[in-house]
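Read the structure below first, then the notes.
The values are calculated or read from the model by the stated rules, or taken from the named source; none is laboratory data. Computed from a predicted structure; not experimentally measured. Cβ coordinates were reconstructed from backbone atoms using ideal geometry, including for glycine residues, and neighbour counts include every protein chain displayed.
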Amino acid sequence: MLNIFKTVGDRLVAIENLGEKGSWISLAAPSEIELSGVCDHAKVSPDLLRYPLDEEEISRIEFDEGQALIIIKIPVIRGNTYDTIPLGMIMTEELFITVSLEKNELLDEFASGKLKTFNTNKKTRFLLQILFRTATLYLKYLRQIDKKTDEVERRLHQSMRNEELIKLLDLQKSLVYFTTSLKSNEIVMEKLLKSRLSKEPLDPDASNSRLIKMYEEDEDLLEDVITENKQAIEMGEIYTSILSGTMDAFASVISNNLNIVMKFLTSVTIVLSIPTIIASLYGMNVPLPFQDSPHAFAGTLAVSASLAALIVMVFVKRRMF
């Protein structure tokens with residue numbers, strides 16, 4: 001999907017011209033025709049456009065003939081699972097281009113025009129705002145994972161099935177993906193910050209070094225981005241540790257619940273075996289005590305019930321029920 005936006009005044013508007021200066025070209029799950037069109041009209045290297053379409057691509061910064069590529073990992077929701085995908089941001093002298101494998105909540109926020117503080121003409125500021133929103137989106141999804149974990153834990157208290165443990169395993173995998181991606185994003189952010197503080201360009205090529213220019217207010221925003229990202233990393237590591245311990249604990253709980261059920265069933269079997277034994281003895285075809293008495297049947301029932309009640313009392317006292 002190809003969309004082109006530009007900030008006109010204080011509003012974000014959709015436009016048709018691929019090469020218009022100061023515009024933002026958004027590519028989400030692009031077709032070959034759309035990729036070729038951007039390459040031809042926006043004069044962008046095909047390789048830079050294709051790198052973010054590899055799901056295993058790592059976060060990094062790369063320069064190529066007056067074009068800068070910044071790749072980060074962003075969080076996405078796929079059904080009931082959480083995952084991360086690469087997001088490529090290409091900066092040229094005139095354009096800002098984003099490339100992703102699929103539509104995502106992050107870029108939809110910017111495209112919807114709800115965020116009033118960004119301007120497509122300010123490419124570096126736009127880049128930093130995307131980094132900041134990425135970190136806040138990670139925090140949002142981490143809180144959702146924490147709530148889902150609590151819900152699964154409540155069901156696990158009385159559960160003897162593996163379904164809830166499998167759900168916890170999926171959440172744990174999501175946390176691992178998030179933590180790994182956040183740490184790789186941090187490398188990109190630290191590289192931007194170090195370059196600015198040392199006053200050394202990211203790339204020695206003069207034409208490339210002009211692509212990512214920061215002003216003092218941009219530095220403040222970058223520091224906020226790094227702080228937010230570190231908070232997300234710490235939160236992810238804490239949740240991962242807690243979830244790992246929870247899974248071990250509830251695996252033991254499920255095993256203990258099963259033992260309790262087996263103990264209860266065994267106790268019931270013993271209690272029911274007493275009347276069964278007595279009835280079996282008095283059902284034998286041999287002379288038996290009180291067999292000629294008119295109260296033999298009632299007496300047999302009474303003895304069976306009394307012995308069963310006695311066994312129940314013993315088991316209750318020993319907490320076998």
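Taking the criterion of being within 23 Å of K73 (Cα to Cα) and buried (at least 16 other Cβ atoms within 10 Å of the Cβ), would at least one residue in the range 3-14 satisfy it?
Yes, that holds for at least one residue.
From the list S31, S36, S59, pick out the single residue that is surrounded by 15 or more Cβ atoms within 10 Å (Cβ to Cβ) and among the hydroxyl-bearing types (S, T, Y).
S59
Could you list all residues from the range 32-59 that are over 22 Å from Y177 (Cα atoms) and among the small types (G, A, S)?
Hits for the range 32-59 are S36, G37, A42, S45.
Going through I254, I260 one at a time, which residue ends up being of a type in the set (V, I, T) and either touching a residue at least 60 places away in the same chain (Cβ under 8 Å) or surrounded by 17 or more Cβ atoms within 10 Å (Cβ to Cβ) (or both)?
I254
Among the numbered criteria (1) within 26 Å of K167 (Cα to Cα); (2) free of Cβ contacts under 8 Å to residues at least 60 places away in the same chain, which single criterion is violated by T81?
It is condition (2) that T81 fails.
Regarding the range 186-208, can at least one residue be identified that is over 18 Å from G88 (Cα atoms), assigned by TED's automatic domain parsing to the domain that holds F250, modelled with pLDDT of 90 or more and touching an Asp or Glu at 6+ places or on another chain (Cβ under 9 Å)?
No: the range 186-208 contains no residue that is over 18 Å from G88 (Cα atoms), assigned by TED's automatic domain parsing to the domain that holds F250, modelled with pLDDT of 90 or more and touching an Asp or Glu at 6+ places or on another chain (Cβ under 9 Å).
Which is in contact with a helix residue (DSSP H, G or I) (Cβ under 9 Å, 6 or more places away or on another chain), over 30 Å from S181 (Cβ atoms), assigned to a helix (DSSP H, G or I) and not acidic (D, E), of I260, I254, I226?
I254
Among the residues of the range 120-164 satisfying the criterion of being outside any helix (DSSP H, G or I) and either at pLDDT 85 or above or not assigned by TED's automatic domain parsing to the domain that holds K73 (or both), which is farthest from T180 (Cα to Cα)?
Checked the range 120-164; the qualifying residue farthest from T180 (Cα to Cα) is N121.
Identify all residues within the range 109-146 that are in contact with a Phe, Trp or Tyr (Cβ under 6 Å, 6 or more places away or on another chain) and under 18 Å from G22 (Cα atoms); write none if there are none.
F118, T120, K123, F126, Q129
If I go through the range 277-321 residue by residue, how many of them are in a loop (DSSP other than H, G, I, E, B), in contact (Cβ under 8 Å) with a residue 24 or more places away in the chain and aromatic (F, W, Y)? Let's see the steps before the verdict.
We begin by selecting, within the range 277-321, every residue in a loop (DSSP other than H, G, I, E, B); these are 282-295, 318-321.
Filter once more, keeping what is in contact (Cβ under 8 Å) with a residue 24 or more places away in the chain: 320-321.
When the remaining residues are screened for being aromatic (F, W, Y), the result is 321.
Total satisfying the criteria: 1.
Look through L243, L281 and report the one residue that is farther than 27 Å from V152 by Cα and out of contact with any Lys or Arg (no Cβ under 9 Å at 6 or more places or on another chain).
Of L243, L281, the one residue that is farther than 27 Å from V152 by Cα and out of contact with any Lys or Arg (no Cβ under 9 Å at 6 or more places or on another chain) is L281.
Quick one: count up the residues across the range 94-108 that are more than 16 Å from S23 (Cβ to Cβ) and either assigned to a helix (DSSP H, G or I) or not assigned by TED's automatic domain parsing to the domain that holds K183 (or both). Can you show your working first?
In the first step, residues of the range 94-108 are kept if they are more than 16 Å from S23 (Cβ to Cβ); the result is 100-106, 108.
Now narrow it down to the ones that are either assigned to a helix (DSSP H, G or I) or not assigned by TED's automatic domain parsing to the domain that holds K183 (or both): 105-106, 108.
Matching residues across the range 94-108 total 3.
Restricting to the range 29-51, count the residues that are farther than 18 Å from E16 by Cβ and assigned to a loop (DSSP other than H, G, I, E, B).
Of the residues in the range 29-51, the ones farther than 18 Å from E16 by Cβ are 29, 32, 45-51.
The next check asks that each one be assigned to a loop (DSSP other than H, G, I, E, B); those that pass are 29, 45.
Number of matching residues: 2.
Which residues, counting only those in the range 278-321, are of a type in the set (S, T, N, Q) and either exposed (fewer than 12 other Cβ atoms within 10 Å of the Cβ) or under 60 Å from the mean Cα position of the chain (by Cα) (or both)?
Correct list: S280, N285, Q291, S293, S304, S306.
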